[in-house]
Each structure stands twice: as C-alpha cells, then as structure tokens.
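Notes for the one structure printed next.
The values are calculated or read from the model by the stated rules, or taken from the named source; none is laboratory data. From a predicted model like this one, the values you see are computed outputs, not experimental measurements. Please note: Cβ atoms are built from the backbone with ideal geometry, for glycine as well, and neighbour counts cover all protein chains shown. Remember, those area values only see protein heavy atoms, side chains included, never the ligands or the DNA or RNA. Shrake-Rupley method; radii C 1.70, N 1.55, O 1.52, S 1.80 Å.
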Amino acid sequence: HGNATAGGCVLALPADWRVLREGAMVGLNEIRVGVPFPYGVSMLLREAATARVEEVALFGRNYQGPEAVAVGLVHEIHGEDAFDGACRERLQELIEHTARIRDHLISVSLETSRCAAAAHLQKPGRA
C-alpha cells in the first residue's frame, strides 16, 4: 500500500507479479547514499527490470506510475480505490494458472515415467 524503496524494492523483486498503488514510489535509491548492491540484488534486478536495468541500478531513482512499469520494476499500477480488488483478482488468476501448470506437469511427469518403465520392461531378456 505504500512505497517500495531500497530494501522494500529488493523484497518485491523476486515476486512473480508486482502491483504498485498509484502515487507510491518504487526504486533502489540506496545507491545515492553510497550503499552498493550486493551481488544477489544485482542478479534479481537483471531478471526483474530488464527494460532499463542500467538506469535503475546506476542512478538510484524512485519511480511512480507508468514509468515504474516502463523500467520493469512493477507490472501494474492501480488507484487506491481499486488497489485491493485488483490485487485479489490478479492473485486468483495466478492461483488458477499455477494449478493448470501443476496439473500439466504432473501429467507429463507420469507419462514420462510410464514410457521409461515400459521401455525398460521391453528390453531383451526382461520378462
């Protein structure tokens, strides 16, 4: 519901989907006071903010609104009134998507196991 700067941004980076409330800021501004990024944060940043990673890492700016989306720190912006509902809706979508992926992976895994077992049983000399 508020800003996600410095450590708050670092905590948000690994999230699958990041939603920012309109008017809130997100950024890695600790570089402005001379705090270097640990290696792990640099790797998270490369994965999360691919659009303008150099700008985010080198200048330590905080971003709001569409610019936060443009640099890749967040995926969506919603106003205060719609924020909670939008977050719940997106979470439900992710849960449903994850369930479909899980079911597919289980199916593929079972099929792969069955094929491997069948191939092993069909080897010459096996009963």
Largest first and rounded to whole Å, the semi-axes √(5λ) derived from the alpha carbon gyration tensor of the stretch 1-73 read 17, 13, 12
Given unit charges at Cβ for Lys, Arg (+) and Asp, Glu (-), the dipole magnitude of the chain about its Cα centre in debye, nearest 20, is 780 debye
Taking every alpha carbon pair in the chain and sorting the distances into 10 angstrom bins from 0 up to the bin holding the longest one, the percent per bin comes out as 12, 32, 21, 14, 10, 7, 3, 0
Regression test value, accessible area per residue of the chain, probe 1.4 Å, units Å², expected 66 Å²
The ³J(HN,Hα) series, computed from each phi in the stretch 67-76 with the Karplus coefficients 6.51, -1.76 and 1.60 at θ = phi - 60°, rounded to the nearest Hz and given as x for glycine or proline, is 5, 5, 5, 4, 7, x, 7, 9, 9, 9
Longest principal axis of the chain (C-alpha) makes with the long axis of helix 39-48 (C-alpha) an angle, in degrees to the nearest 10, of 80 degrees
For residue 47, placing the label point 7 angstrom along Cα-to-beta-carbon and taking the stretch 2-39, residues whose amide nitrogen sits under 11 Å are 13-16
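Which percent of the accessible area of the chain is formed by carbon and sulfur heavy atoms (probe 1.4 angstrom)?
Values: 4900 of 8400 Å².
The computed percentage sits at 58.
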In degrees rounded to 10, the 0-90 angle between helix 80-121 Cα long axis and the longest Cα principal axis of the chain is 20 degrees
GNM on the chain, Cα springs under 10 Å; top mean-square fluctuation among 66, 36, 14 goes to 36
Sorted by chain and number, the residues with a modelled amide H under 5 Å from that of residue 4, at a separation of 5 or more or across chains, are 25, 26, 27
Most fluctuating of 101, 31, 77 in the GNM of the chain (C-alpha, under 10 Å) is 101
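As a check on your grasp of the helix formula, calculate [θ] at 222 nm for the chain: sum -39500 (n - 2.57) over DSSP H runs of n ≥ 4, divide by the residue count, round to the nearest 500.
Using -39500 (n - 2.57) per qualifying helix, the result is -18000 deg cm²/dmol.
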Sparse-neighbourhood loop hits (chymotrypsin sites (Phe, Trp or Tyr not before Pro), the stretch 16-82; DSSP loop; Cβ within 10 Å at most 15 others) -> 17
Full extension between residue 39 and residue 91 adds, at 0.36 nm per residue less the Cα distance, a length in nm of 15.8 nm
